[in-house]
Amino acid sequence: MCIKKSVGNGGVNQSSDVKTIQLLLNINIAQLAPMARLVVDGGIGQKTIAAIEAFQSQVMGIAKPDGRVDPNGGTLAKLREGLPGGLSPDALQGIMIHAAAAYIDKYARPLADEMARNRIDSPLRQAHFLAQVGHESGELRYSEEIASGEAYEGRKDLGNTQPGDGKRFKGRGLIQLTGRTNYTNYGKARGKDYTTDATAKLLATDPVVAVDVSCWFWTTHGLNELADQDDVLTITRRINGGTNGLDDRKEKLVRAKFFLKV
């Protein structure tokens with residue numbers, strides 16, 4: 001479920017849960033009598049509780065609304081019904097609830113466009129892709145690994161055969177691509193050269209390239225087909241080489257399925 005604890009009157013009101021409900025209320029705002037959008041800040045207050053009560057009263061027809069949303073309750077289910085489907089900026093924020101608004105603005109359009117171009121085009125495929133991207137990038141915060149890349153120097157298995165290749169071809173993209181061989185193959189697929197010092201950095205600095213290279217990795221490793229099978233474990237192993245962060249990937253997948261109406 002997209003919230004872990006109750007939100008509103010008498011609720012536990014964990015910050016991430018409150019943000020999720022505030023976001024859902026804003027998405028459903030058109031169904032409510034004149035009401036301003038809530039500030040999605042994770043802080044429970046009278047405006048958020050009043051919005052819950054208004055939704056319960058006006059949309060659900062509850063005579064005595066309780067102003068509370070429970071993880072498996074009817075109010076949350078009804079809020080989900082109001083989702084339009086598809087990857088809107090609001091849906092992306094819901095999936096990556098901790099992402100700063102600036103990152104949502106930066107990547108929402110490239111993600112929608114490049115997923116479509118790379119056949120990540122069903123809600124289930126999109127849910128799996130975004131769950132993995134969310135984990136790998138720290139919810140869109142990182143498009144380049146923090147380490148220098150020196151550890152990859154001389155790694156012939158990555159194609160790093162020239163001096164400086166370790167740093168030059170460090171992990172970049174929202175699913176971090178590493179090594180001269182991978183950079184070369186991606187460039188060949190796109191008809192561009194990403195093996196110079198300047199062009200290699202585009203995998204991190206250009207939002208469209210950072211997304212597209214992740215889509216390229218996804219499709220060339222057969223992950224659409226695994227997503228069709230709802231196989232998060234094998235997808236994680238192909239991306240990570242193991243199962244690091246599996247619980248977080250699964251949690252993000254649950255959120256993605258909720259917001260994409262899978």
(request) On the protein heavy atoms, probe 1.4 angstrom, tell me the percent of accessible surface of the chain carried by carbon and sulfur. (result) 49
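As a quick test, which of the pairs LYS64/LYS261; LYS106/LYS156; LYS78/LYS106; LYS167/LYS188; LYS4/LYS170 have an alpha carbon distance above 25 angstrom in this structure? Intermediate values should be presented prior to the final figure.
Values: LYS64/LYS261 29 Å; LYS106/LYS156 35 Å; LYS78/LYS106 30 Å; LYS167/LYS188 21 Å; LYS4/LYS170 36 Å.
Table pairs above 25 Å Cα-Cα are LYS64/LYS261; LYS106/LYS156; LYS78/LYS106; LYS4/LYS170.
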(request) Restricting things to alpha carbons, find the Rg to Rh ratio for region 47-91 using the Kirkwood radius for Rh. (result) 1.01
(message) Calculate the FRET efficiency for GLU81 and ARG190 from the Cβ-Cβ distance with a Förster distance of 45 Å, rounded to the nearest 0.05.
(response) 0.65
(request) Could you tell me which of rounded, prolate or oblate describes region 106-248, using a ≥ b ≥ c as the square roots of the eigenvalues of the alpha-carbon gyration tensor, with rounded for a/c under 1.5 and, failing that, prolate when a/b is larger than b/c and oblate otherwise? (result) prolate
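Kirkwood hydrodynamic radius, region 182-262, all distinct C-alpha pairs: what's the number in Å?
14.3
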(request) Once you have the Cα-Cα distance between GLU225 and HIS98, take 0.36 nm times their residue separation minus that, and quote the gain in nm to one decimal. (result) 42.9 nm
(request) For region 1-81, just say rounded, prolate or oblate: build the C-alpha gyration tensor, square-root its eigenvalues into a ≥ b ≥ c, call rounded for a/c under 1.5, and beyond that prolate if a/b exceeds b/c, oblate if not. (result) rounded
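How do the peptides 82-91, 17-26, 31-40 rank, highest first, by the average count of neighbouring beta carbon atoms within 10 Å per residue? List each step's numbers first, then the result.
On the way: 82-91: 16.0, 17-26: 24.3, 31-40: 13.1.
The peptides rank, most packed first, as 17-26, 82-91, 31-40.
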(request) Specify which residue in the list TYR103, PHE129, SER148 is farthest towards the positive end of the charge dipole of region 103-162, using unit charges on the beta carbon of Lys, Arg (+1) and Asp, Glu (-1), about the Cα centre. (result) PHE129
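If the chain were replaced by its equivalent ellipsoid, with semi-axes equal to the square roots of 5 times the Cα gyration tensor eigenvalues, what would those be, largest first, whole Å? Mind dumping the intermediate values first?
On the way: eigenvalues 322, 54, 50 Å².
They are 40, 16, 16 Å, listed largest first.
The values are calculated or read from the model by the stated rules, or taken from the named source; none is laboratory data. Worth saying up front: this structure is predicted, and the values here are computed from it rather than measured. Because the Cβ atoms are built from the backbone with ideal geometry, glycine has one as well, and the counts that use them run over all protein chains shown. Heavy atoms of the whole protein, side chains included, go into the accessibility calculation; ligands, DNA and RNA do not. Shrake-Rupley method; radii C 1.70, N 1.55, O 1.52, S 1.80 Å.
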